[in-house]
Amino acid sequence: QVQLVESGGGLVQPGGSLRLSCAASGSIFVIYTMDWYRQAPGKQRELVASISSGGSTNYADSVKGRFTISRDNVKNTVYLQMNSLKPEDTAVYYCNAKRGSFSSWGQGTQVTVSS
């Protein structure tokens, strides 16, 4: 089992930046693929970015060039650096750890992009 706690959300103006963190505990962090998802009101949850245990990354087209996912296997933490934020990035952002059929979610952190 792995427990996940997200932090770093908040209110930011369009064009601004935020860095989300997801701290993991309870298991060997390095073996998991770590994903960031988001869910806006009235919409389905969507995958934003993913980083494998080996450090390979993938991004949704909507965030490529603006968001960067990274992981620190010593601190058992995954990050999502979000730059050039847009109002359409407003959502609850969730961290997910997966390996095979196992998946664990954090509680989410709200990101609001508004002037």
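The values are calculated or read from the model by the stated rules, or taken from the named source; none is laboratory data. Please read these numbers as outputs of a predicted model, since none were measured by experiment. Methodologically, a virtual Cβ is constructed for each residue, glycine included, from the backbone with ideal geometry; neighbour enumeration extends over all protein chains shown. For accessibility, only protein heavy atoms count, side chains too; no ligands or nucleic acids. Shrake-Rupley method; radii C 1.70, N 1.55, O 1.52, S 1.80 Å.
Loop-only trypsin sites (Lys or Arg not before Pro) in segment 1-91, please: DSSP not H, G, I, E or B, and at most 14 other Cβ atoms within 10 Å.
Values: sites: R19, R38, K43, R45, K64, R66, R71, K75; in loops: K43, R45, K64, R66, K75.
Answer by residue number: K43, K64, K75.
Amide H of V48: which non-local residues (sequence gap of 5 or more, or other chain) have their own amide H closer than 5 Å, using H built in the peptide plane?
Here the answer is W36, Y37, R38, since their amide H atoms fall under 5 Å of that of V48.
Using a cut-off of 14 Å between beta-carbons, work out the net charge of the residues near D89 (Lys and Arg +1, Asp and Glu -1, D89 not included).
Working: positive: R19, R38, K43, K64, R66, K86; negative: E46, D61, E88.
Here the charged neighbours net out to +3.
³J(HN,Hα) across segment 55-70 via Karplus (A = 6.51, B = -1.76, C = 1.60, θ = phi - 60°), whole Hz, x for Gly/Pro?
Those phi angles translate into x, 6, 10, 9, 9, 5, 4, 5, 10, 4, x, 10, 10, 9, 9, 8 Hz.
Could you work out the local net charge near S17, counting Lys and Arg as +1, Asp and Glu as -1, over the other residues with Cβ closer than 15 Å to its Cβ?
Numbers: positive: R19, R66, K86; negative: D89.
Taking every other residue near S17 into account, the sum is +2.
Using unit Cβ charges (K, R positive; D, E negative) and no other charged atoms, how large, in debye to the nearest 20, is the dipole of the chain about its Cα centre?
Details: 11 positive and 7 negative charges, 19 e Å.
Here the size comes out at about 80 debye.
Given an 8 Å cut-off on Cα distances and at least 6 residues of separation, report the relative contact order of the chain as a percent.
Working: 280 pairs, mean separation 42.6, N = 115.
After rounding, I find 37 percent.
Residue by residue through segment 11-24, what is 3J(HN,Hα) from phi via Karplus (6.51 cos²θ - 1.76 cosθ + 1.60, θ = phi - 60°)? Round to whole Hz and write x for glycine and proline.
Working through the residues one at a time gives 9, 9, 6, x, x, x, 10, 9, 10, 8, 10, 9, 8, 10 Hz.
Pop out the carbon and sulfur fraction of the accessible area of the chain as a percent, whole number, probe 1.4 Å. Write out the running numbers ahead of the final one.
On the way: 2800 of 5930 Å².
In the chain, the share of accessible area belonging to carbon and sulfur is 47 percent.
Expected output is a single nm value to one decimal: the length gained when fully extending between Q110 and R66, i.e. 0.36 nm times separation in residues minus the C-alpha distance. What is it?
Working: separation 44, 0.36 × 44 = 15.84 nm, distance 1.82 nm.
Answer, rounded to one decimal: 14.0 nm.
Compute the accessible area per residue over segment 1-110, keeping the other protein chains in place, probe 1.4 Å, unit Å².
Details: 5690 Å² over 110 residues.
About 52 Å² of surface per residue is accessible.
Gain in length, S7 to T57, computed as 0.36 nm per residue apart minus the alpha-carbon separation, to one decimal in nm? Intermediate values should be presented prior to the final figure.
Working: separation 50, 0.36 × 50 = 18.00 nm, distance 2.09 nm.
That works out to 15.9 nm of additional length.
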